[in-house]
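The structure appears right after this line, and notes come after that.
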Amino acid sequence: MKSHALASVPALALLMAGAPLAHAQDNMVSITNNDARAAAAYWTPERFKAAKPMPMPHAAPNATVREEPAGAPAGKVEASDGRAPAENLRASPQRLFKPDMAPGRSNGEVMTPGAVGTFGAHYTSTRVFPMFTGTASPFSADRAYPYITVGKLFFSINNEPYVCSASVIQHRIVATAGHCVHSGTSQGFHSNWVFVPAFRDGTAPLLVWNWRAAIVTGTWATGGGTVPNAADYAMIEFGDQNVNGRTFALGDVTGWLGWQTLSLSANHTSKLGYPCNLDSCQKMQDVTSGAFRNTAPNNVEYGSDALGGSSGGPWVQNFQILQTGGGTGSNTGSNRVVGVTSYIYVPSDPKVQGASIPDGRWVSIFSTLCSRVPGNCL
């Protein structure tokens, strides 16, 4: 049983959060989970395995796209720092399903080699490494912070299972794309969200986490599902779990990434997630590239070969374990999400992805979820 309503954030709260007053009327749309068992009951091994990549919103390459100058962002830059996990969860990895043998590219999304597309936006695309398949070795990168903050977001639409990517950005809060939470039309919210951090080859090494509440921007919810959209992002609160007599919050075992607003333009990011054209979305991927162009109404595009399944994955500036002598420059905030994957072009020849620039709307939904339940944010 779920309930949802338009939630208007008072202008005072927006100003206290440092958000521009111009976004005070961007009414957020929220939903809460009144049946904690429903999502857990929905996700059988068969449904986990059958989950399809969420169709990523797309534009035609020959469509008229209004480019914007990459000037200084308007408004005040807001930021929140990440943190490594406080706990080492001693639980056996949970087998969700057994993937098919020898996974390859799927869904007809065949990509040709070459780290640049027809738009001329360069990128580097790699499976997260080192990765020792079949073992929980502590030397596997996808089993260590900050990679373990990233995972698969499973959900359903009309009782059909789907998957996106997402990342932990506070103690109980996960960020993803708006279209992974809400249709952007009168069809409203999707259902049955569960989050699997550090997913690999059908396995949940850090358990499966059940949702409690979700918020999407009014800009996405009323935007008709079209892209580019000025605020195609959302956040979900996840409940705690009892493991061996101890209660854990999600961020206790994954840590979390920081975030930073108004910083997607003129930047360089690591785009993490589970695109289903690469390793059949069974392993975490990392696409690195610099900003290619700004587009209207509030978006930036980067070079990338990732397709469906990568929706909602974080675009992280300065993704790193800080080395001795590092951390110099004009924008040194480490491991901060500055966007999430929103859209691609179809056909995919341009090899670019776009994201909305987090601004006051991001701060508003984050602040609202932080204040919803004590301990959501530390």
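Taking each residue as 0.36 nm, the span from T185 to A79 lengthens on full extension beyond its C-alpha to C-alpha distance by 35.1 nm. Evaluating 6.51 cos²θ - 1.76 cosθ + 1.60 at θ = phi - 60° for every residue in the range 301-310, the Karplus couplings come out as 10, 10, x, 5, 9, 7, 10, x, x, 7 Hz, glycine and proline recorded as x.
A full extension of the chain between N242 and S330 corresponds to an added length of 27.4 nm, given 0.36 nm per residue minus the alpha carbon distance.
For A166, the residues 5 or more places off, or on other chains, whose built amide H falls under 5 Å of its own are G151, L153. The accessible-area ordering, largest first, of the residues T368, T222, T341 stands as T222, T368, T341, per a 1.4 angstrom probe. Please give the net charge around S140, taking every other residue with its beta carbon less than 15 angstrom from that of S140, where Lys and Arg add +1 and Asp and Glu add -1. Every neighbour counted, the sum reads 0. Taking amide hydrogens as placed 1.01 Å from N in the peptide plane, the amide H of K351 sits under 5 Å from those of T118, each at least 5 positions away in sequence or on another chain.
Cross-link partners for K98 among the lysines, with Cα-Cα distance under 25 Å and sequence neighbours closer than 8 places in the same chain left out: K49, K52, K152, K283. Full extension of the chain segment joining S371 with L89 gains 98.9 nm, where the gain is 0.36 nm per residue of separation less the Cα-Cα distance. For the pair T226 and E46, label points projected 7 Å from Cα toward Cβ lie 4.0 nm apart. Computed from backbone phi with θ = phi - 60° and the Karplus coefficients 6.51, -1.76 and 1.60, the 3J(HN,Hα) list for the range 228-235 is x, 10, 5, 8, 7, 8, 8, 9 Hz; x is used for glycine and proline.
Taking the charge dipole of the range 216-355 about its Cα centre, with +1 at Lys and Arg Cβ atoms and -1 at Asp and Glu Cβ atoms, the residue from N335, T217, I236 reaching farthest to the positive side is N335.
Rounded to the nearest whole Hz, the Karplus-based 3J(HN,Hα) values (6.51 cos²θ - 1.76 cosθ + 1.60, θ = phi - 60°) of the range 38-44 follow the sequence 5, 5, 4, 6, 5, 8, 8, with x at glycine and proline. If R0 equals 45 Å, the separation of the Cβ atoms of E68 and E160 corresponds to a calculated FRET efficiency of about 0.80.
The values are calculated or read from the model by the stated rules, or taken from the named source; none is laboratory data. None of these values were measured; they are calculated from a predicted model. Positions of Cβ are backbone-derived with ideal geometry, glycine not excepted, and every protein chain shown enters the neighbour counts. With ligands, DNA and RNA removed, areas are computed over all heavy atoms of the protein, side chains included. Shrake-Rupley method; radii C 1.70, N 1.55, O 1.52, S 1.80 Å.
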